[in-house]
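Asks: This is the structure, below, for whatever I ask next.
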Amino acid sequence: MLHVDIPTDADIVHLARERGDVAVSIYLPTTPLTQDAEADRIALKNMASAAMAQLEGRGVDRRRVAALAEQLDDLQDDDEFWRFQAHGLALFATPDKLRTFRLANRLQPVLMVADRFHLKPLLRAVTFAHNAFVLALAENAVRVIEVSGDLPAAPVRVPDLPKDAASVAGKATLASRSPSGRIQGSEGRKVRLRQYARRVDAALRDLLAGQHVPLILATTDNLDALFRSVCSYPYLVEERIAGNPETTADHELAAAARPLLDRLHARELAGWHERFERYGRERRTTTDIADAARAATFGAVESLLVDMDQVVHGTVDDATGAVTFADGAGADSYGVVDEIARRALLTGGGVWAVRHADIPGGRGLAALLRYAV
């Protein structure tokens, strides 16, 4: 099982609010294989050294730099932390505190030193799921596996998960006869299976609490409908893996799940593009960075797509939203599109970090506006 800390909406807003003399954002690819984690620790050490060099070149108070360096050194030396990783690590540090998120998606190495955090790669991690849980639900057996991008399917231990439907009913088999006056026949069988589905849902709650990870159901027609009628998890995928999962190996379920995730992502993105076309007829869209910066500053951005890879250097005026572009990274600049995303988040807007080809107009961003501007 991947060890992930998917940030909540509240986490991202909290990071977006951070402003100070020093804010270091580090993203690096990691491995969930403990025996290979030493290379990741070395990569973090090198990026931390580069951050210290930038800060010293900017004339930041040496005591503040030392406090930041101490936090990064402590993390590098934490053997227990490095034992449990996923595919990517996002790190946000100031001289006063440090936050980390272990992410399911593989990240490109990024180091940003500014007075605010660089959030676009983190937003990519929550825009679309890169892993999922598959619930293989049959009358005579139930199990959960985790599916991720480039690792084998991994079984997940779920405490209190029932063995089968008969054990929930307290019987050797659901086919056994019931005493007179008790539920029996096809209707009784349906009641017992619904009880089973409800018990499975209850067992999954601790595993899924606070998660946004898709849950994919692998089951038969009758159990599909019954489980959906009692499922309390809001991210149960509409499409299922059909057939009897008792006769399907974990790696086969994982192979069947990945196209479902791709189609889920495609539908979500298509829905955003449909809204962009509709809002465009009302003059409530923009793909211009300067216009989007002003709109975000005044709380007019309802939803925003940003290019996950492109960095446009410069600054955005705190009061007016006016953009001043820069030729490259420097002590007095940061990522302009990242700053627009930050302001949209702080005014309740949604932000999706996507690939360049997914943005209407082929620009660095596209915005849906709450009103025409």
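Asks: First compute the accessible area of region 36-90 with a 1.4 Å probe, then give the percent of it belonging to carbon and sulfur atoms.
Replies: 47
Asks: Taking the radius of gyration and the Kirkwood hydrodynamic radius from Cα positions alone, what is the Rg/Rh ratio for the chain, to two decimal places?
Replies: When Rh is taken as the Kirkwood radius, the ratio is 1.06.
Asks: Also: Rank these residues by their accessible area, most exposed first, probe 1.4 Å: TYR235, TYR27, TYR279.
Replies: TYR235, TYR279, TYR27
Asks: For a quick check of your reading of the filter: which chymotrypsin sites (Phe, Trp or Tyr not before Pro) in region 300-373 sit in a DSSP loop and have no more than 14 other Cβ atoms within 10 Å?
Replies: Answer in residue order: TYR371.
Asks: Run the helix sum for the chain: -39,500 (n - 2.57) per DSSP H stretch of 4+ residues, divided by residue count, reported at 222 nm to the nearest 500 deg cm²/dmol.
Replies: It comes out at -12500 deg cm²/dmol, rounded to the nearest 500.
Asks: Using a 1.4 Å probe on the protein heavy atoms, what percent of the accessible area of region 203-282 belongs to carbon and sulfur?
Replies: The value for region 203-282 is 50 percent carbon and sulfur by accessible area.
Asks: Write out the GluC sites (Glu not before Pro) in region 242-324 meeting two conditions: DSSP loop, and at most 12 other Cβ atoms within 10 Å of their Cβ.
Replies: Of the GluC sites (Glu not before Pro), the ones in loops of region 242-324 whose Cβ has at most 12 other Cβ atoms within 10 Å are GLU282.
Asks: On alpha-carbon atoms, Rg over Rh for region 198-305 using Kirkwood Rh?
Replies: Rg/Rh: 1.14.
Asks: I would also like to ask the following. Name the shape class, rounded, prolate or oblate, that the alpha-carbon gyration tensor gives for region 263-334, where a ≥ b ≥ c are the square roots of its eigenvalues, rounded holds for a/c under 1.5, and otherwise prolate holds if a/b is larger than b/c and oblate otherwise.
Replies: Judged from the Cα gyration tensor, region 263-334 comes out oblate (a/c at least 1.5, b/c at or above a/b).
Asks: I want to check a number: in the chain, how many lysine pairs have alpha carbons closer than 19 Å, given a sequence separation of 8 or more or different chains?
Replies: 4
Asks: Could you check the simple spin-label distance between LEU346 and ARG106, using points 7 Å along Cα→Cβ, in nm with one decimal?
Replies: The modelled label-to-label distance comes out at 3.5 nm.
Asks: Sorted by accessible area with a 1.4 angstrom probe, largest first, how do ASP332, ASP73 fall?
Replies: The ranking, largest first, comes out as ASP332, ASP73.
Asks: Quick one: compute the contact order of the chain, relative version, from alpha carbon pairs under 8 angstrom and 6+ residues apart, as a percent.
Replies: Relative contact order comes out at 15 percent.
Asks: Taking a probe of 1.4 Å, how large is the accessible area per residue of region 19-61, in Å²?
Replies: 47
Asks: Angle between the Cα long axis of helix 62-76 and the longest principal axis of the chain, 0 to 90 degrees, nearest 10?
Replies: Roughly 30 degrees, rounded to the nearest 10.
Asks: Also, quick follow-up: Average projected area of the Cα convex hull of region 7-87, in nm²?
Replies: Taking a quarter of the hull surface, the average projection is 6.0 nm².
Asks: Can you say what percent of the DSSP beta bridges in the chain, counting only those with both residues inside, are antiparallel? Round to 5.
Replies: 75
The values are calculated or read from the model by the stated rules, or taken from the named source; none is laboratory data. These figures come from a predicted structure and were not determined experimentally. Reconstructed Cβ throughout: ideal geometry from the backbone, glycine too, with neighbour counts over all protein chains shown. The area values use the complete protein model at the heavy-atom level, side chains included, leaving out ligands, DNA and RNA. Shrake-Rupley method; radii C 1.70, N 1.55, O 1.52, S 1.80 Å.
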